[in-house]
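What follows is a single structure, written as structure tokens, with notes after it.
The values are calculated or read from the model by the stated rules, or taken from the named source; none is laboratory data. Just so you know, these numbers come straight off a predicted model, no measurement behind them. Virtual Cβ from ideal backbone geometry, glycine too; neighbours counted across all protein chains shown.
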Amino acid sequence: METRDRIHIDGEWVEPHGEERLELVDPRTGEVHATVRLADATDVDRAVAGARRVADHGPAWPVAARVAALRALHDRISERADLFADTMSAEMGSPAAFARQVQVGMPLATLATTADVLEGYAFDEPLGDSTIAREPIGVVAAITPWNFPLHQALAKVGAALAAGCPVVLKPAETTPLTAYLLVEAARDAGVPAGWLQLLPGRGSVLGSALAQHPDVDMVSFTGSTAVGRSIQRDAAGTIKRVALELGGKSPSVLLDDLDDEAFARAVRTSVGFGLMNTGQTCAAWTRLVVPEERYDDAVALASETARAFVPGENLGPLASEVQWDRVAGHLARAVEEGAEVVHGDPAPARPERGFHLGPVVLGRVTPEMAIGREEVFGPVVAIQTHGGDDDAVRLANATDYGLSAGVFGADPDRAFAVARRIRSGTVHVNGINGNKLAPFGGYKQSGLGREYGRFGLEEFLEIKSIQPPPRG
Ligand code: NAD
């Protein structure tokens, strides 16, 4: 069984001040697979002091060297792709193929883009007779969730290092092992001492201390909206910048001009995205919004798509017992509030081994039902019906979230027009586009700020106007 009992500060693996040891449970089996010794608030001070020294007094880390390190990091992770994938499968249950292709493949693509963007980025630009300089914001605390352990960490760490900011990384309690592999890869890639600290531990202790810390200049957080709120409160005392990638209840809207074949394709794509990673994807399309007259077709097609997701084969377990209970609670409430069960078991018994739960498709879901508004973070898709484009837009926007959306229509101009009316950080039209140059982030309570590409890099930069003396 794997044991990790060091934290990473100033380029060294050191003993933490914290003494608590946490047992990590493999969600595929429910058995303990590793133990980690957790950092505490004293370790936060040590790690932030290390990062602060680099930010304030460290030798310069030139852009060309940062580009080279990010490319080397890409290579080190690629070489160890199987190890990363197996580790994530054990930590949060991803099936092997998904772990390899998506849990490892996606962050590699994002990192390559970050290096490309940095290589071509103009940190200074003239504006009138002034110079606009973009400078690193300083020490960054990166707080990440468990659902895409490498991707979420690297989206922040890659962009922050690219910007020239030292980072303190605080991964989710249940997925620190991937973060250890990332730090080892970063060391091997030549990321200099002090630029990447690692603190495994509890969010309520470490996350909160980082958000409050006077020597942390920015918190970049991905996780739940509830914790995002708490981080904003904690950060308010020092007016630090806060970037938040939060939850979603994302719709896929099918317009009424699709022929049968395109309609079927759209349902399959949408439900597939809703169930990806066992529904534990912030951007998942968990609401399928179809024309009223096509409800029966949608039910049949969505059920058929869901049936192809087999627990223990191509559908991983939920990542933890807590998550299993949460999802079961959402299902019970949905049935109580009148949602139709069109596929799956809405009252599942807890499995004897691991935290598997089969996909569920619910029909006749309205925005008044909790299942129509609240994020489930499990393999549950809700079907809603609309009476035309205006009604579809109303339904699409009828949640507090606004992270991602899909629009499918035969007339691309009409589909684009609907896409413009959806209040969401990303809207995909007629398919899922994986452009990692495009920014990703939320409207409304799905967050603040953007990740990926140029927008992701600029999150970590301050803007300075350098003004020449007045003329004349
Ligand atoms: P979470 O909010 O419980 O935890 C996320 C991180 O915050 C963890 O590292 C945790 O330890 C830490 N944390 C917990 N309490 C804290 C506190 N008081 N102060 C500071 N940090 C604290 O979320 P989760 O359960 O790990 O992840 C699931 C949630 O993340 C879902 O709501 C999902 O939508 C969201 N998510 C969003 C995105 C996105 O990009 N928008 C991506 C992935 C996940």
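Only one of P200, P192 is in contact (Cβ under 8 Å) with a residue 24 or more places away in the chain, near the ligand (Cβ under 10 Å from one of its atoms), in the same structural domain as A153 (by TED's automatic domain parsing) and outside any strand (DSSP E or B). Can you tell me which?
Testing whether each residue is in contact (Cβ under 8 Å) with a residue 24 or more places away in the chain, near the ligand (Cβ under 10 Å from one of its atoms), in the same structural domain as A153 (by TED's automatic domain parsing) and outside any strand (DSSP E or B) leaves just P200.
I'm told L288 meets every condition in (1) away from the ligand (no atom under 16 Å from the Cβ); (2) crowded, with 22+ Cβ neighbours inside 10 Å; (3) farther than 19 Å from G358 by Cβ except one. Can you identify the failing condition by its number?
(3)
How many residues are in a strand (DSSP E or B) and over 24 Å from S220 (Cβ atoms) if we restrict to segment 429-461?
Qualifying residue count for the region: 1.
Residues to consider are A347, A370; find the one that is within 30 Å of T29 (Cα to Cα), surrounded by fewer than 17 Cβ atoms within 10 Å (Cβ to Cβ) and at pLDDT 95 or above.
After applying the criteria, what remains is A347.
For segment 137-155, what are the residues that are under 17 Å from F455 (Cβ atoms), more than 10 Å from the ligand (Cβ to nearest atom) and outside any loop (DSSP other than H, G, I, E, B)?
Hits for segment 137-155 are V140, L154.
I'm trying to understand the selection: among the residues of segment 117-142, which are of a type in the set (G, A, S) and either closer than 24 Å to S220 by Cα or free of Cβ contacts under 8 Å to residues at least 40 places away in the same chain (or both)?
Scanning segment 117-142 gives G120, A122, G128, A133, G138, A141, A142.
If you check R421 against the conditions, is it surrounded by 15 or more Cβ atoms within 10 Å (Cβ to Cβ) and assigned by TED's automatic domain parsing to the domain that holds K156?
So R421 fails the test.
Looking only at segment 211-231, count how many residues are without any contact (Cβ under 8 Å) to a residue 24 or more places away in the chain, more than 9 Å from the ligand (Cβ to nearest atom) and surrounded by 16 or more Cβ atoms within 10 Å (Cβ to Cβ).
The qualifying residues number 0.
Residue-by-condition table, conditions (1) basic (K, R); (2) outside the structural domain of E293 (by TED's automatic domain parsing); (3) within 29 Å of Q232 (Cβ to Cβ); (4) within 17 Å of the chain's Cα centre (by Cα):
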residue	(1), (2), (3), (4)
I383	no, no, no, no
H386	no, no, no, no
D389	no, no, no, no
L403	no, no, yes, yes
V407	no, no, no, no
A415	no, no, no, no
V427	no, no, yes, yes
N430	no, no, no, no
G453	no, yes, yes, yes
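Anything in segment 236-259 that is in contact with a helix residue (DSSP H, G or I) (Cβ under 8 Å, 6 or more places away or on another chain) and more than 16 Å from the ligand (Cβ to nearest atom)? List them, or say none.
Passing the criteria: S252, V253, L254, L255, D256, D257, L258.
Take the residues in segment 246-261 that are over 26 Å from R326 (Cβ atoms) and touching a strand residue (DSSP E or B) at 6+ places or on another chain (Cβ under 7 Å); name whichever of them is surrounded by the fewest Cβ atoms within 10 Å (Cβ to Cβ).
Among those residues, the one meeting the criterion is D256.
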